[in-house]
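One structure below.
The values are calculated or read from the model by the stated rules, or taken from the named source; none is laboratory data. Since the model is a prediction, treat every value here as computed from it, not as a measurement. Here the Cβ positions follow ideal geometry from the backbone for every residue, glycine too, while neighbour counts run over all protein chains shown. Side chains are part of the model used for accessible areas, which takes the heavy atoms of the whole protein and leaves out ligands, DNA and RNA. Shrake-Rupley method; radii C 1.70, N 1.55, O 1.52, S 1.80 Å.
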Amino acid sequence: MNVITAVIKGRHSIRKFKPAPVDEAFIHEALECAVHAPTAMNLQPWLIGVVRDKGTLGKIAGLTDHGKFISEAAVCFVVFGERTAKYYLEDCSAATENLILGLHSYGVGSCWVAGDKKEYAEDIRKLLDVPEKYTLVSLVPAGLPDDVAIAAKKETKKVVFFDKFKKE
């Protein structure tokens, strides 16, 4: 296993954070990882916000259906995509995953909270004064992990096929 595969395999969703800030250098490196994600036609249709204000984190948490823990995060990254870009969802999802892996590589825990197609997407866009041409794709609350619950993954052989699917 190399460094990259170790980072990917070691990442887990974190929903409980220590009450400590995330190092600015780690934030900037993770953002650099996000903006280096691949995009269709190199459009890079994203806008990524960094929310650290506790009041705003609380408001975002209150708007979500499964992200109440956002209020306890040191920071929450908000990933928006340009609505008119044909592949904004795929592009911004790639940026989100790069962001999460970048954070994890520095020991910062995070959790992907859905944004696209969620009822609260527009409310969060308005809360953060993001222009209408963007739509929320994801929320990534992050911080130093306080509790790590490792979910079991399916065996690779049970979810992968080669060349053609064969019934067992």
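Summed over segment 133-168, the residues that are without any contact (Cβ under 8 Å) to a residue 24 or more places away in the chain and in a loop (DSSP other than H, G, I, E, B) give a count of 13. Within segment 1-19, the residues that satisfy the criterion of being under 21 Å from VAL113 (Cα atoms) and not hydroxyl-bearing (Ser, Thr, Tyr) are VAL7, ILE8, LYS9, GLY10, ARG11, HIS12, ILE14, ARG15, LYS16, PHE17, LYS18, PRO19. Residues of segment 132-158 being open to solvent by 30 Å² or more (accessible area, probe 1.4 Å) and among the hydroxyl-bearing types (Ser, Thr, Tyr), which ones? Once the filter is applied, which keeps residues that are open to solvent by 30 Å² or more (accessible area, probe 1.4 Å) and among the hydroxyl-bearing types (Ser, Thr, Tyr), segment 132-158 yields only THR156. May I ask you to verify whether VAL78 is more than 19 Å from GLU119 (Cα to Cα) and modelled with pLDDT of 95 or more? When the stated conditions are applied, VAL78 does not pass them. Scanning segment 15-46 for residues that are of a type in the set (A, V, I, L, M, F, W, C) and out of contact with any helix residue (DSSP H, G or I) (no Cβ under 9 Å at 6 or more places or on another chain) yields ALA20, ALA25, MET41.
For segment 135-150, the criterion of being modelled with pLDDT under 95 and either among the charged types (D, E, K, R) or closer than 16 Å to LYS59 by Cα (or both) is met by at least one residue.
One residue alone among LEU47, LEU103, LEU99, LEU89 is over 22 Å from GLU24 (Cβ atoms), among the hydrophobic types (A, V, I, L, M, F, W, C) and at pLDDT 95 or above, and that residue is LEU89. On the basis of being among the hydrophobic types (A, V, I, L, M, F, W, C), closer than 18 Å to VAL7 by Cβ and touching a helix residue (DSSP H, G or I) at 6+ places or on another chain (Cβ under 7 Å), does ALA142 make the cut? The answer is yes for ALA142.
If only residues of segment 117-131 that are assigned to a loop (DSSP other than H, G, I, E, B), at pLDDT 95 or above and not β-branched (Val, Ile, Thr) are counted, the one that is least open to solvent (accessible area, probe 1.4 Å) is TYR120.
Identify, from the list THR84, THR96, THR156, the residue that is under 24 Å from ARG11 (Cβ atoms), of a type outside the set (Phe, Trp, Tyr) and more than 18 Å from the chain's Cα centre (by Cα). Within the list THR84, THR96, THR156, the selection yields THR156.
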